[in-house]
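Data block below; observations after.
The values are calculated or read from the model by the stated rules, or taken from the named source; none is laboratory data. Bear in mind that the values here come from a model prediction, so they are computed numbers and not experimental data. All Cβ positions, even for glycine, are placed from backbone atoms using ideal geometry, and neighbour counts span all protein chains on display. Keep in mind that these areas ignore ligands, DNA and RNA; they rest on the heavy atoms of the full protein, side chains included. Shrake-Rupley method; radii C 1.70, N 1.55, O 1.52, S 1.80 Å.
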Amino acid sequence: MDPYQPTKDDRFSFGLWTVGNPGADPFGGPVREVMDPCYIVQKLAECGAWGVSLHDNDLVPFGASAAERDAIVKDFRAALDAHEIVVPMATTNLFSHAVFKDGAFTANDSKVRAFALRKTMDAIDLGVELGASTHVFWGGREGAEADACRDPRDAVKRMRDAMNFLCEYVRDQGYETRFALEPKPNEPRGDNYFPTIGHMLHFITTLDHSDMVGVNPEVAHDTISGLSFSQGVGQAMDAGKLFHIDLNAQKIGRYDQDLRFGSEDVRQAFLLVRLLEGTMGTPPYEGPRHFDAHAYRTEDEAGVWDFAKGCMRTYNILRAKAVAFDADDEVRDLMAGTQSWEIDPLLSYSRDNVRKLRELDIDLDGIARQGLGYERLDQIMMEYIFGVRG
Ligand code: GCO
Ligand code: MN
Ligand code: MN
């Protein structure tokens, strides 16, 4: 049995728009046929995935009648049941229609903001009907090129009003849905509002029902800005706000590449999986291992499923490596050698501790002279990643 073969227990999910991406880019049209959502469900199940996520309009075309919507949802439900695939997350397309060219929740025209709320309520209803417990909000067009068009404080305020409205809607309907806000620094707008995990984490603290709202960070989005994704995710986990995650790969400074998970910056991918899986003995991330990526434009349909299998296989390989790394005696010794806990009780504030800290004899020169062994630690990590150790 292949130890890296994905199973439902791995809780891998893909967006309909990811494997369904027909390969269009700003310089050329599609290179692959558009696939039916029910067929995608069947193929994902064959690849070993557990879940599928969707935008409202990945399933129900914009402007469909209520009867058309219900018929589509019925067929999709049947496909989900037949292939034992769940819908853990749904989201709203607030970026494709031209009405959103100035943003959705932050647009200057209040009629656009009203329409965005209405569309999102419908998308939340759709998600709940399909069993989704998380609704993702990616800002899409929430941003600016001509920054003079709006006071950035109004953008923040309008987004807050929208989130407060939609949290009340969820409560009023008796839904259990939680929101996960997805930061991105740019693209398609020149500068997006709420560009990083940190911006989003603070914004969430200003909401009326902040307990219902967390983040959906994406590897590519923080990497575009050259940030350490694993550090950002660590801060989200510390805040209890990692409600969902978008896994993919990205080179620093480029357009949003949405590459196969682990195909760039393998170090960061390893550190991320290690963090999510809690192989250091810390509580793991409990949500879906969700891929928001797509196959290269060079691929036909077979290449799309190679892409999907590659994402999951790489995750499982990195998890096995992280487990082995953290169980490695030399790694444990190196980590233990850099830590000391005996002064910890003095590091919480009291007048007594202030006095004791002042009296403490700390061998500054001795500590300063001591090497920390991080070269060795890092090399061992790399040798696990290269596959020559463990
Ligand atoms: C992107 C985003 C999107 C969102 C998706 C879900 O950069 O295009 O990552 O793929 O994740 O729209 O809201
Ligand atoms: Mn994403
Ligand atoms: Mn992306």
- prompt: Do any helices (runs of 4 or more DSSP H) entirely within the stretch 313-390 hold 2 or more residues that are aromatic (Phe, Trp, Tyr), and if so, which?
  reply: 374-386
message: Condition first: open to solvent by less than 60 Å² (accessible area, probe 1.4 Å) and acidic (Asp, Glu). Can you find one or more residues in the stretch 10-17 that meet it?
response: yes
message: I need the full set of residues from the stretch 256-274 which are within 14 Å of ligand 3 (Cβ to nearest atom) and either hydrophobic (A, V, I, L, M, F, W, C) or open to solvent by 50 Å² or more (accessible area, probe 1.4 Å) (or both), in order please.
response: 259, 260, 261, 264
query: Would the stretch 12-29 turn up any residue that is of a type in the set (Val, Ile, Thr), touching a residue at least 40 places away in the same chain (Cβ under 8 Å) and within 17 Å of residue 132 (Cα to Cα)?
result: no
message: Being in the same structural domain as residue 158 (by TED's automatic domain parsing), within 14 Å of ligand 1 (Cβ to nearest atom) and farther than 16 Å from residue 287 by Cα narrows it down to one residue among 203, 194; which is it?
response: 194
Number of positions in the stretch 5-21 that are away from ligand 2 (no atom under 16 Å from the Cβ) and within 22 Å of the chain's Cα centre (by Cα): 6
task: Considering (1) in a helix (DSSP H, G or I); (2) of a type outside the set (Lys, Arg); (3) modelled with pLDDT under 95, say which one residue 73 fails and leave the rest.
output: (3)
- prompt: Within the set of pairs 6+ apart or on separate chains, which have a first residue in the stretch 186-201 that is under 20 Å from residue 96 (Cα atoms), a second that is among the acidic types (Asp, Glu), and C-beta atoms under 6 Å apart?
  reply: 187/256; 190/145; 193/142
query: Are any residues in the stretch 1-56 of a type in the set (Gly, Ala, Ser) and within 29 Å of residue 319 (Cα to Cα), and if so, which ones?
result: 13, 15, 20, 45, 48, 49, 51, 53
message: Pairs needed: first member in the stretch 99-128, on the phi < 0 side of the Ramachandran plot; second member anywhere, assigned to a helix (DSSP H, G or I) and small (Gly, Ala, Ser); C-beta distance under 6 Å; at least 6 residues apart or different chains.
response: 104/116; 105/116; 105/162; 106/155
query: Before we move on, is residue 247 among the aliphatic types (A, V, I, L, M), open to solvent by 10 Å² or more (accessible area, probe 1.4 Å) and modelled with pLDDT of 95 or more?
result: no
- request: Assess whether residue 325 counts as being closer than 28 Å to residue 272 by Cα, within 16 Å of ligand 1 (Cβ to nearest atom) and not small (Gly, Ala, Ser).
  value: no
field: Sole exception among (1) away from ligand 3 (no atom under 16 Å from the Cβ); (2) open to solvent by 60 Å² or more (accessible area, probe 1.4 Å) for residue 209, by number
entry: (2)
- prompt: Of everything in the stretch 237-292 that's more than 16 Å from ligand 1 (Cβ to nearest atom) and touching a residue at least 60 places away in the same chain (Cβ under 8 Å), which residue is nearest to residue 7 (Cα to Cα)?
  reply: 270
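For (1) within 16 Å of ligand 2 (Cβ to nearest atom); (2) outside the structural domain of residue 287 (by TED's automatic domain parsing); (3) open to solvent by less than 50 Å² (accessible area, probe 1.4 Å), each residue gets a yes or a no:
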{"residue": "38", "(1), (2), (3)": "no, no, yes"}
{"residue": "47", "(1), (2), (3)": "no, no, yes"}
{"residue": "54", "(1), (2), (3)": "yes, no, yes"}
{"residue": "61", "(1), (2), (3)": "no, no, no"}
{"residue": "88", "(1), (2), (3)": "yes, no, yes"}
field: Tally, over the stretch 76-103, of residues that are part of a loop (DSSP other than H, G, I, E, B) and farther than 28 Å from residue 289 by Cα
entry: 2
- request: Considering every residue within the stretch 166-173, establish whether at least one is touching a residue at least 40 places away in the same chain (Cβ under 8 Å), buried (at least 22 other Cβ atoms within 10 Å of the Cβ), away from ligand 2 (no atom under 16 Å from the Cβ) and assigned by TED's automatic domain parsing to the domain that holds residue 103.
  value: yes
- request: Could you check residue 297 against (1) within 17 Å of the chain's Cα centre (by Cα); (2) on the phi < 0 side of the Ramachandran plot; (3) surrounded by fewer than 22 Cβ atoms within 10 Å (Cβ to Cβ) and say which number it fails?
  value: (1)
message: Tell me yes or no: at least one residue of the stretch 280-293 is within 12 Å of ligand 3 (Cβ to nearest atom), part of a loop (DSSP other than H, G, I, E, B) and either at pLDDT 95 or above or open to solvent by 10 Å² or more (accessible area, probe 1.4 Å) (or both).
response: yes
- prompt: Does residue 58 meet the test of being farther than 30 Å from residue 320 by Cβ, within 16 Å of ligand 3 (Cβ to nearest atom) and in contact with a strand residue (DSSP E or B) (Cβ under 9 Å, 6 or more places away or on another chain)?
  reply: yes
